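Structure record follows, encoded as structure tokens.
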Amino acid sequence: MTSIDRQRLNELAHDCGIASIGVTNAEPFDGLGDLLAARIKAGQLRGLDWFTEERARFSADPRNLHATARSIISVGVPYRMAPVACPDDEPRGTISRYAWGDDYHRTLKQRMRELHACLERELGYVIEARFLVDTARIVDRAVAARSGLGWYGKNTLILVPGHGSWVLLGDLVVDIEIEPDEPLRPKCGRCTACIDRCPTGALQPGYIVETPRCISYLTIECRGAIPHELRPLMGRWVFGCDDCQEVCPYTGAASTDEDADFEGRALDNIYPRLRWLLTMTEAEFRETYRGTPVLRTKRAGLARNAAIALGNSGSDADLALLEQVVQTHDVALVRGHAAWAMARIDGAAAAPFLRNQFAQELDEFVRGEIEQVLGCSA
Ligand code: SF4
Ligand code: SF4
């Protein structure tokens with residue numbers, strides 16, 4: 001069976017909207033299972049309960065999911081759109097860049113399917129394939145590093161030449177042999193800008209991110225109350241966090257891309273109005289974020305995050321709306337975080353209302369939040 005010329009593969013990928021690719025074989029990733037298992041045991045992935053030790057070990061060998069796999073094409077689709085100005089007429093939150101537009105899972109799978117079809121046409125035979133995006137069944141960053149698509153930065157992300165870390169990753173696993181690429185040499189050198197910038201101290205030397213402290217985890221995956229000590233450090237982020245990418249010199253030097261699939265549909269998909277997030281209906285949430293990654297956090301999660309962001313950035317002018325949220329929001333999680341936000345903005349001004357509300361509130365979580373922000377003086 002003939003295989004594909006490497007240069008021709010690049011051209012086909014480009015035609016399918018995939019800017020960068022790297023190729024590696026489908027051999028197991030030596031030591032990766034043990035490394036991930038050790039991180040799970042050390043609590044560094046706490047909160048990602050679905051990523052068990054068993055799944056970690058499974059993900060270290062691509063042939064566990066595709067027994068006849070021979071090669072993996074690591075695909076990179078950049079998503080750094082032109083900057084959008086944030087109007088300052090009212091408090092707004094910030095959404096991580098990758099979530100401004102369409103859900104990347106669907107977009108990347110579609111582009112990999114097109115590449116797969118091109119490959120079959122080019123070679124004239126059937127190719128068995130798997131199309132993987134952001135799944136616990138394979139470690140896409142490990143594939144990207146071994147295939148030379150990019151190299152691991154100290155922010156634990158893959159840095160792709162010309163694009164930095166503003167790149168979405170996918171894996172096209174195929175049962176044909178393709179000439180593999182060499183891994184790239186890491187280029188962080190003595191730079192520690194991402195570690196220094198991380199607002200919560202989640203990034204640590206040794207290419208480690210403490211998931212339970214990472215704002216991306218807190219705003220998206222965490223379903224319950226956000227730890228009090230981390231809330232003031234979260235700034236205006238309401239979905240994800242780009243701080244450790246924005247300070248990276250390689251990412252800063254990346255060119256902007258034009259890709260309609262990743263452009264923000266409207267300002268509320270980029271810098272959403274915090275007051276609106278706190279009062280939006282389920283129908284408004286679904287209408288605004290349909291087909292985007294933001295749906296993952298659900299209406300209650302996004303409103304909870306908005307309460308924290310408003311607490312961190314609002315003024316006394318926001319206390320009346322927060323009072324209304326504490327009194328009437330249908331989700332106790334949101335009412336409790338709104339009480340925190342009032343105290344964060346102006347504890348003295350908020351105290352009489354919160355004391356009164358403590359006497360009326362029946363939910364234990366909300367009562368506990370009010371007690372805590374009033375210094376147990378309720
Ligand atoms: Fe830190 Fe934000 Fe990066 Fe998480 S995403 S490691 S919180 S800078
Ligand atoms: Fe590496 Fe510096 Fe970029 Fe962090 S900010 S990933 S240390 S180059």
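Listed residues HIS105, HIS116; which is within 16 Å of TYR79 (Cβ to Cβ), in the same structural domain as ILE21 (by TED's automatic domain parsing) and in a helix (DSSP H, G or I)?
Being within 16 Å of TYR79 (Cβ to Cβ), in the same structural domain as ILE21 (by TED's automatic domain parsing) and in a helix (DSSP H, G or I) holds for just one of HIS105, HIS116, which is HIS105.
Every residue in segment 354-367 that is open to solvent by 30 Å² or more (accessible area, probe 1.4 Å) and in a helix (DSSP H, G or I), please.
ARG355, ASN356, ALA359, GLN360, GLU364, PHE365, ARG367
Just to be sure I understand the filter: pairs with C-beta atoms under 8 Å, separated by 6 or more residues or on different chains, first member in segment 207-219 and under 25 Å from GLY189 (Cα atoms), second member in a strand (DSSP E or B) and charged (D, E, K, R). Which pairs pass?
From segment 207-219, no pairs qualify.
Could you pull out the residue among GLY240, GLY252, GLY235 that is in contact (Cβ under 8 Å) with a residue 24 or more places away in the chain, within 16 Å of ligand 1 (Cβ to nearest atom) and surrounded by 19 or more Cβ atoms within 10 Å (Cβ to Cβ)?
Criteria check complete, one pass: GLY240.
Kindly list the number of the only condition in (1) touching a residue at least 60 places away in the same chain (Cβ under 8 Å); (2) out of contact with any strand residue (DSSP E or B) (no Cβ under 8 Å at 6 or more places or on another chain); (3) farther than 30 Å from ARG223 by Cβ that fails for ASN25.
(2)
Would you point out the residue of segment 149-200, among those that are within 17 Å of ASP134 (Cβ to Cβ) and among the polar types (S, T, N, Q), that is surrounded by the most Cβ atoms within 10 Å (Cβ to Cβ)?
Only one residue tops the list, namely SER165.
Give me a count of the residues in segment 66-85 that are in contact with a strand residue (DSSP E or B) (Cβ under 7 Å, 6 or more places away or on another chain) and modelled with pLDDT under 85.
Going through segment 66-85 one residue at a time, the tally reaches 0.
Take ARG213 and tell me if it is modelled with pLDDT of 95 or more, within 16 Å of ligand 2 (Cβ to nearest atom) and open to solvent by 60 Å² or more (accessible area, probe 1.4 Å).
No, not satisfied.
The values are calculated or read from the model by the stated rules, or taken from the named source; none is laboratory data. What you are looking at is a predicted structure, and each value in this text was computed from that prediction instead of being measured. So basically every Cβ, Gly included, is an ideal-geometry build from the backbone, and we count neighbours across all protein chains shown. What goes into the accessible areas is simple: the full protein's heavy atoms, side chains included, and nothing from ligands, DNA or RNA. Shrake-Rupley method; radii C 1.70, N 1.55, O 1.52, S 1.80 Å.
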